[in-house]
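Below is one structure, written out as structure tokens, with a few remarks after it.
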Amino acid sequence: MKKMALSILMLGLLSACASEKAKEPPPQNTAAPAAEATQPVAPKAAEPVADNSANNGEPSSRSVYYPLDVSVVQSADRALVQEHAKYLSAHPGVKVRLEGNCDERGSNEYNLALGQRRADGVKKLLRAGGVQARQIETVSNGEEKPKLSCHEEKCWQENRRTDLVYK
């Protein structure tokens, strides 16, 4: 009797461990995740794409920004990525390097992986906009190339980005 009860209990525990949690859709707003609730600073959205004539038609804004621990391009920056996709599609000889960056928090390994996911996310949107794969290179800088070097949210916010570098 004890063996049977123990077997049923173990079976129940194993089945509970094997079930998957429902996956939540990625956040669509630019508010910071709940983990950052104590810091109400929202991630910086890209500046609007303005006069392109000085850059031979290239969009002037070159960075996509992210909340903490997020690699999904936020809705505020999707228009910027679409502008780059439009430009690159119209100029198939132009190449771009997508450099994923992180703030200093987290291990080197984690930040390198997160930076790569950020660059790959922008690449996916560019490809969806008609850019050829041979035009795009992705690289992760992790936390190694910060834009700002202070150790507070305003700097970390600037360092969580993907830069689009034209070659």
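For (1) surrounded by fewer than 16 Cβ atoms within 10 Å (Cβ to Cβ); (2) closer than 13 Å to LYS145 by Cβ; (3) not hydrophobic (A, V, I, L, M, F, W, C), each residue gets a yes or a no:
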position	(1), (2), (3)
SER71	no, no, yes
GLN82	no, no, yes
ALA90	yes, no, no
GLY100	no, yes, yes
SER107	yes, no, yes
ALA119	no, yes, no
Residues that are of a type in the set (Asp, Glu) and in contact with a helix residue (DSSP H, G or I) (Cβ under 9 Å, 6 or more places away or on another chain): does the range 89-100 have at least one? yes
Residue check: is VAL94 buried (at least 20 other Cβ atoms within 10 Å of the Cβ) and either of a type in the set (Val, Ile, Thr) or in a helix (DSSP H, G or I) (or both)? no
Give the number of residues within the range 122-144 that are touching a Cys at 6+ places or on another chain (Cβ under 6 Å) and part of a loop (DSSP other than H, G, I, E, B). 1
Got at least one residue in the range 145-164 being in contact with a Leu (Cβ under 6 Å, 6 or more places away or on another chain), in a helix (DSSP H, G or I) and touching a residue at least 60 places away in the same chain (Cβ under 8 Å)? yes
Residues of the range 97-120 being of a type in the set (Lys, Arg) and not in a helix (DSSP H, G or I), which ones? ARG97, ARG105
Within the range 144-167, take every residue that is acidic (Asp, Glu) and surrounded by 18 or more Cβ atoms within 10 Å (Cβ to Cβ) and give me the one that is farthest from VAL94 (Cα to Cα). GLU158
Take ASN141 and decide whether it is loosely packed, with under 14 Cβ neighbours inside 10 Å and at pLDDT 95 or above. no
Assess whether ARG134 counts as being at pLDDT 95 or above, surrounded by 14 or more Cβ atoms within 10 Å (Cβ to Cβ) and either within 30 Å of PRO92 (Cβ to Cβ) or of a type outside the set (Ser, Thr, Tyr) (or both). no
Condition check for ASN55: modelled with pLDDT of 95 or more, out of contact with any helix residue (DSSP H, G or I) (no Cβ under 8 Å at 6 or more places or on another chain) and of a type in the set (S, T, N, Q): no
Which pairs turn up if I take residues in the range 76-100 that are touching a residue at least 40 places away in the same chain (Cβ under 8 Å) and over 20 Å from LEU114 (Cα atoms) and look for partners that are small (Gly, Ala, Ser) and assigned to a helix (DSSP H, G or I) with beta carbon separation below 8 Å, at least 6 apart in sequence or on another chain? ALA85/ALA128
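The values are calculated or read from the model by the stated rules, or taken from the named source; none is laboratory data. Owing to the predicted nature of the structure, the values given are computational and were not obtained by experimental measurement. No Cβ is skipped: glycine too gets one built from the backbone with ideal geometry, and neighbour counts run over all protein chains shown.
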